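Visitor: The following block contains the structure, expressed as structure tokens.
Values quoted throughout were computed directly from the atomic coordinates according to the rules given, and no laboratory measurement underlies them. Quantities reported herein were computed from a predicted structural model and do not represent experimental measurements. A quick note on method: Cβ atoms are made from the backbone with ideal geometry, for glycine too, and the neighbour counts reach across all protein chains shown.
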Amino acid sequence: MKTYHGSCFCGGVTFEADGDLADGTMRCNCSFCRKTRYWEMRLPDPDGLRLLTGADLVADTPRSDGAEMHNTFCRRCGTRLWSAGNIEQMGGRFMQVFVPTLDDATEEELIAAPIHWADGAHDNWWNEAPETRHL
Ligand SMILES: [Zn+2]
């Protein structure tokens, strides 16, 4: 496992995240992921993210579906940061970092990272999305 250093576009929010891109990442066809072109890496430990700076800048995207899910972004520059929550079907508590924020992930690592394309649009995350070219 590695410790990555991540930040938003304006640099106000910085954090560390324990995980390994080689263990896999996820993209999804649900409306949130489609509209934000989300790409995430689930951390093995839901407490594996440490906020270093910018606690006053992090904000959650409002949700209307009542899910125990926080899609966090920087309210100064708008960069997506991570998604955290507690959903039984996902194995309980989780922390998923927005991969493009990871500053010390090398280009080679990003290219090689396996991607699971989830069919979230049909509440069917564990199966492959039937089409991914538009995501
Ligand atoms: Zn920012």
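Visitor: I need to check one value: relative contact order of the chain, counting alpha carbon pairs closer than 8 Å and at least 6 residues apart, in percent.
Guide: 30
Visitor: Related question: Given the options Thr25, Ala84, Gly11, identify the residue whose Cα lies farthest towards the positive end of the charge dipole of the chain (+1 on Cβ of Lys, Arg; -1 on Cβ of Asp, Glu).
Guide: Gly11
Visitor: For the chain, with the dipole built from +1 on Lys and Arg beta-carbon atoms and -1 on Asp and Glu ones, taken about the Cα centre, which of Ala121, Met41, Val97 lies farthest toward the positive end?
Guide: Ala121
Visitor: Between Glu131 and His116, what is the spin-label point distance in nm, taking each point 7 Å from the Cα along the Cα→C-beta axis?
Guide: My value for the distance between the label points is 2.4 nm.
Visitor: Magnitude of the Cβ-charge dipole of the stretch 36-88, K/R +1 and D/E -1, about the Cα centre, nearest 20 debye?
Guide: 360
Visitor: Moving to a separate point now. Can you give the calculated 222 nm mean residue ellipticity of the chain, where each DSSP H run of n ≥ 4 adds -39,500 (n - 2.57) and the sum is split over every residue, rounded to the nearest 500 deg cm²/dmol?
Guide: The per-residue figure over the chain is -2000 deg cm²/dmol.
Visitor: Would you mind estimating how fast the chain diffuses translationally, via Stokes-Einstein at 25 °C and 0.890 mPa s with the Kirkwood radius over Cα pairs, in µm²/s?
Guide: Translational diffusion coefficient: 162 µm²/s.
Visitor: Write out the cysteines belonging to the chain for which the nearest other cysteine Cβ is not under 4.7 Å, or none if no such cysteine exists.
Guide: Singleton cysteines: Cys30.
Visitor: Kindly put Trp126, Trp82 in sequence by how many other C-beta atoms sit within 10 Å of each C-beta, fewest to most.
Guide: Lowest to highest Cβ neighbour count: Trp126, Trp82.
Visitor: Can you give the extra length, in nm with one decimal, that the chain gains between Glu107 and Asn86 once fully stretched, where that is 0.36 nm per residue apart less the Cα-Cα distance?
Guide: 4.4 nm
Visitor: So, one more: Please list 33-43, 102-112, 66-76 highest first by mean number of surrounding beta-carbon atoms within 10 Å per residue.
Guide: Taking the mean over residues of other Cβ atoms within 10 Å, the ranking is 33-43, 66-76, 102-112.
Visitor: On to the next question. Taking neighbour counts of Cβ atoms within 10 Å as a proxy for exposure, in what order, fewest first, do Asp65, Asp20 appear?
Guide: Asp65, Asp20
Visitor: Treating only the Cβ of Lys, Arg, Asp and Glu as charged (+1, +1, -1, -1), what charge dipole size does the chain show about its Cα centre? Round to the nearest 20 debye.
Guide: In debye, rounded to 20, the chain gives about 560.
Visitor: Follow-up. If you stretched the chain out fully between Asp23 and Glu68, how much longer would it get, using 0.36 nm times the residue separation minus the C-alpha to C-alpha distance?
Guide: Extra length available between Asp23 and Glu68 comes to 13.7 nm.
Visitor: At a 10 angstrom cut-off on C-beta neighbours, averaged per residue, how do the peptides 3-13, 86-96 rank from highest to lowest?
Guide: Averaged packing, sorted descending, gives the order 3-13, 86-96.
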